[in-house]
1. How do Asp43, Asp61, Asp169 stack up against each other in accessible area, from largest to smallest, with a 1.4 angstrom probe?
2. Taking a cut-off of 20 Å, what percent of all Cα-Cα pairs in the stretch 100-195 are separated by more than that?
3. For the stretch 1-91, state the average projected area of the convex hull of the C-alpha atoms over all orientations, rounded to one decimal in nm².
4. Cα centroid distance between the stretch 99-117 and the stretch 131-191, in Å?
5. Before rounding to the nearest 500, sum -39500 (n - 2.57) across all DSSP H runs of length at least 4 in the chain and divide by the residue total; then give [θ] at 222 nm in deg cm²/dmol.
6. Charges on Cβ only, +1 for Lys and Arg, -1 for Asp and Glu, centred on the Cα centroid of the chain; of Leu290, Gln67, Leu205, which one is farthest towards the dipole's positive end?
7. Multiply the residue gap between Leu73 and Val160 by 0.36 nm, knock off their C-alpha separation, and tell me the result in nm, one decimal place.
8. I need two numbers for the stretch 25-73: Rg to one decimal and Dmax as a whole number, Cα atoms only, in Å.
Amino acid sequence: MDGVRLRRGLTTFSFLAPALIGIAVFFGYPLISAVYFSFTKFDLLSVPQWVGLSNYRQMADDPFLLQAVRNTLWMVMVFVPVRIIFTIGLAMLLAQLKRGAGFFRTILYLPSLVPSVAATIAFVYLLKPGTGPVNHLLEKIGIDGPLWFNSPAWAKPSLVLLGLWACGDLMIIFLAAVLGVPESLYEAASLDGANAWHKFRSITLPSIRPVILFAAVTGVIYTLQYFDQAAVAGSIASGQATVGAGISQSFGYPEGSTFTYPLWLYTAGFRYNALGYANALAIALFVVALAVTVILLRRAKAFSGEES
C-alpha cells in the first residue's frame with residue numbers, strides 16, 4: 001500500500017514539477033534576492049555591503065517617495081472604482097442589446113489589445129492642448145478644453161480616461177458574469193413589482209460579487225505597479241521624449257503629477273544606482289500589495305457571510 005502511495009505521490013509531483021520549478025526560479029529566487037539586497041548598499045559595480053535597516057529608515061525622510069505614494073494612492077482610490085463602475089455599466093448595456101451585440105462587443109474590446117505604450121502616445125497627441133482634435137471638437141461646441149497631460153490637475157484624470165478606453169478585457173469578464181445571472185430571478189422580481197434599479201441592486205450585484213472582488217484585487221495590484229502609461233505620458237507631453245541611460249529626464253511631468261511609486265523605484269535604482277534602496281522600495285510595495293489583497297479578501301468574506 002505504501003508503495004502505491006509513493007508511486008502516486010511521485011506521479012503527482014512529476015506533473016507539478018515544471019510549474020514548481022518555474023515558480024521557484026522566476027518568483028521565489030528573485031523575491032529572496034530582493035529581500036537580501038534590500039539590506040545592503042548595492043550599485044551593480046561593487047560588492048554589496050550589509051547596512052541593515054538603513055534603506056528602510058531612508059524611506060521616512062524621502063520627499064520623492066511621499067510624492068510618489070500620494071500619486072499612486074490617488075490612482076488606486078479613483079481609477080479602480082471608476083473602472084469597475086464603468087465596465088459594469090458597459091456590460092449591462094451590452095447585455096440588453098438584441099441586435100449588433102457582437103459588433104459592439106468587438107469594438108469595445110479591441111482597445112484593450114493595443115500595446116500600452118502605443119495607446120498612451122496616441123492619447124497624448126489626441127489630447128494635445130494646441131493641436132489635438134479633442135480640444136478642437138470641444139472648441140466648436142463652445143467648451144474651452146483643458147490642458148490634459150500638460151496640466152498638473154488634469155494629468156492623472158487623463159490617465160484614468162486612457163484606462164477606461166482600454167477596459168475591454170474587464171468588460172468582457174463582467175459581461176459573462178451578467179449574462180450568467182439566471183433569468184428566472186429577474187422574472188420572479190418582475191412579478192413582485194421590482195423596477196430596474198431594484199433588480200440591479202438585489203439580483204445583479206450579489207450575483208456578480210465574486211467578479212467585482214476579482215476586479216478590485218487585480219485593479220489595486222495593477223495601479224500599485226502603474227509604470228508604462230505614466231512614464232510615456234510624462235515624456236511625450238513634456239516634448240522631451242528622449243531617453244538617456246534608460247531613464248527619461250521628464251518622469252512625473254507636469255510638476256510631478258504623474259510620478260508614481262514604480263517610477264521612483266526605477267529612478268532610484270537605475271538613475272542613482274541605489275539598487276539596495278530600490279530593492280527595499282520593491283519589498284515595501286510587495287508587502288503593501290499583499291496586505292491590501294488580504295484585507296479585500298477578508299472584507300469580501302465578511303460581507304458574504306462566509307467564515308474565515
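The values are calculated or read from the model by the stated rules, or taken from the named source; none is laboratory data. Being a predicted model, the structure only gives us computed values, none of them experimental. Heads up, the Cβs are rebuilt from the backbone with ideal geometry, glycines too, and the neighbour counts pull from every protein chain shown. For the accessible areas, the whole protein counts, side chains as well, though only heavy atoms, and no ligand, DNA or RNA atoms are used. Shrake-Rupley method; radii C 1.70, N 1.55, O 1.52, S 1.80 Å.
1. Asp61, Asp169, Asp43
2. 56 percent
3. Numbers: hull surface 51.7 nm².
Convex hull of Cα atoms, orientation-averaged projection: 12.9 nm².
4. Answer, in whole Å: 13.
5. That comes out to -19500 deg cm²/dmol.
6. Farthest towards the positive end: Leu205.
7. Working it through step by step, the gained length comes to 30.0 nm.
8. Cα only, the stretch 25-73: 13.4, 35 Å (Rg, Dmax).
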